[in-house]
Amino acid sequence: AKMAAAASDLLTGWCLFGLALLVILVFCWIYVRKYQSRRESEVISTITAIFALAVALISSALLPVDIFLVSYMKNPNGTFKDWADANVSRQIEDTILYGYYTLYSIILFCVFLWIPFVYFYYEEKEEDDGNTCSQVKTALRYTLGFLTICAVLLLIGAFVPLDIPYKKNSTEWEKVKLLFEEFGSSHGLTALSFSISSLTVIGMLAAITYTAYGMSALPLNLIKGTTSAAYERLENTEDIEEVEQHISRIKSKCRDGRPLSSRDRRTVQQLEERLRTLRRRERHLEFIEKSWWAKFCEALRPLKIVWGVFFAIVALLFTVSLFLSNLDKALHSAGFDSGFIILGTNLTNPLNMLLPVLQTVFPLDYILITTIVMYFIFTSMAGIRNMGIWFFWIRLYKIRRGKTRPQALLFLCMILLLIVLHTSYMIYSLAPQYVMYGSQKYLVQNNSYVLLLILAFLLDQCIVTRTYLFLHKFWFFSAVYYFGNWAFIAVFLIGLIVSCCKGKKSVIEGEVDEDDSDMSDDELSVYYH
């Protein structure tokens, strides 16, 4: 009966997972279709963007699932459940591990092969609309560089393990043989872990740039709202009249037949471009004023304020917990050589205090972890959408509703894939013991039951999450993540100050730019009616 109940619970879990997968795919399709340009959309780039975004969201869901499964095998008193014998536990661990293998391999495939190929294919297509074979060859040539980087990372991770017991008199052949034996015994885990950790460092930089800003900007934008469309339209009308009068004053200089000076011609040209932009703004504002969707969103204004306050609380909880966790590592870890790793918690933080309390009521702790992970992803999306895609000081692409180029969407999805990889370590930094063991407890010899506090001699009694195995294969990556957390906190505070000082956003923020063509206004009815 107990086995049947366990099987029923697992079946229910798989059904919920399937439902979540369907929801993720629907969300990805809506998100990509919302932002992609209708005039430049392509089937391959659309499928690639949807698939990559879905992989990012599914990967972010691995951490809560991993924690739940290792916790589910134990009773609250610290004993294993009847059905969770050694073989079943090993099967569950292997299933989780294979899940990580699969998703992380797909991420490597997307980052180093599929997304670069599709990106360079469309870049070449814009320059040469003729020969498809030539476009494919050029795209493959550029993609080969990414594949080379991937191969190098895999080789470094596979054949340069951290600890191999060489004998003092070992020959070079014996050393090489030991390398291959180590690679075989780890089933490629070390190679994959090194490659993923390398990408996670890039994801850390993306999180510092986009997620930290998104966490500060998103709540404040929801609370402050946008300016009134009617008020903006009135101001825009005044600007149009002012520009038209300025153009008329300059052109009046040549009424007697004299040509305009080169300086006046340049000024008129700039003013006419400015006038075209203002007229496009006028059309957008007029559409929004008449749009039922805009009126519906305005009616939801109180709900947006509530969501903004909630997101602000989550952001502050996240940042304060991250600060205290990093401070704990700075004060009590063994330092740089150990990757700033500590066993136990000396300085508690709000999240560490909250999770043990929520563990008493299933499944509140998993809901909290899932909420934080998804919040991390959606604030990353908000940060990329607000800032655009940059390469150092050069702005490459803008993310705008209905006008985003295929290449920009591919960049967005690649950045999200990298940020998702860093999410697991961010959560580990906030609650290391919970990420390692979930809600497991261990059985003490005197038959009293206590919460797990020390990790060193209890590994045989508690099952470690597979996430932890990927996170701490290489200590120097942990050291890099430690300094990255400080940079994340600093950027969040800077973004918070900037967002507080900025006024309300325009109701058509990012919808109209000077480099837009008048043809882009033909799609207005798709979004506002």
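The values are calculated or read from the model by the stated rules, or taken from the named source; none is laboratory data. Everything numeric here is computed off the predicted structure, so don't read it as measured data. Here the Cβ is made from the backbone with ideal geometry for all residues, glycine too, and neighbour counts use every protein chain on show. For the accessible areas, the whole protein counts, side chains as well, though only heavy atoms, and no ligand, DNA or RNA atoms are used. Shrake-Rupley method; radii C 1.70, N 1.55, O 1.52, S 1.80 Å.
Figures for the structure shown
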| item | result |
| --- | --- |
| Conditions (1) of a type in the set (A, V, I, L, M); (2) in a helix (DSSP H, G or I); (3) more than 24 Å from T190 (Cα to Cα): number failed by V480 | (3) |
| Subset tally (residues that are open to solvent by less than 90 Å² (accessible area, probe 1.4 Å) and in contact (Cβ under 8 Å) with a residue 12 or more places away in the chain) for region 241-274 | 11 |
| Where N349 falls short, out of the listed (1) modelled with pLDDT of 85 or more; (2) closer than 30 Å to F477 by Cα; (3) surrounded by 17 or more Cβ atoms within 10 Å (Cβ to Cβ) | (1) |
| Criterion violated by F318 - all others in (1) within 23 Å of the chain's Cα centre (by Cα); (2) aromatic (F, W, Y); (3) open to solvent by 30 Å² or more (accessible area, probe 1.4 Å) satisfied | (3) |
| Condition met for E181 (closer than 21 Å to L469 by Cα, in a helix (DSSP H, G or I), modelled with pLDDT under 60 and open to solvent by 60 Å² or more (accessible area, probe 1.4 Å)) | yes |
| Test: residue in region 335-345 that is part of a helix (DSSP H, G or I), of a type outside the set (V, I, T) and surrounded by 14 or more Cβ atoms within 10 Å (Cβ to Cβ) | no |
| Residue satisfying condition, being of a type in the set (A, V, I, L, M), part of a helix (DSSP H, G or I), within 24 Å of the chain's Cα centre (by Cα) and at pLDDT 70 or above, within set L144, L153, L140 | L153 |
| Test: residue in region 275-285 that is open to solvent by 100 Å² or more (accessible area, probe 1.4 Å), under 37 Å from the mean Cα position of the chain (by Cα) and modelled with pLDDT of 80 or more | yes |
| Test: residue in region 123-136 that is within 19 Å of Y468 (Cβ to Cβ), modelled with pLDDT of 80 or more and open to solvent by 40 Å² or more (accessible area, probe 1.4 Å) | no |
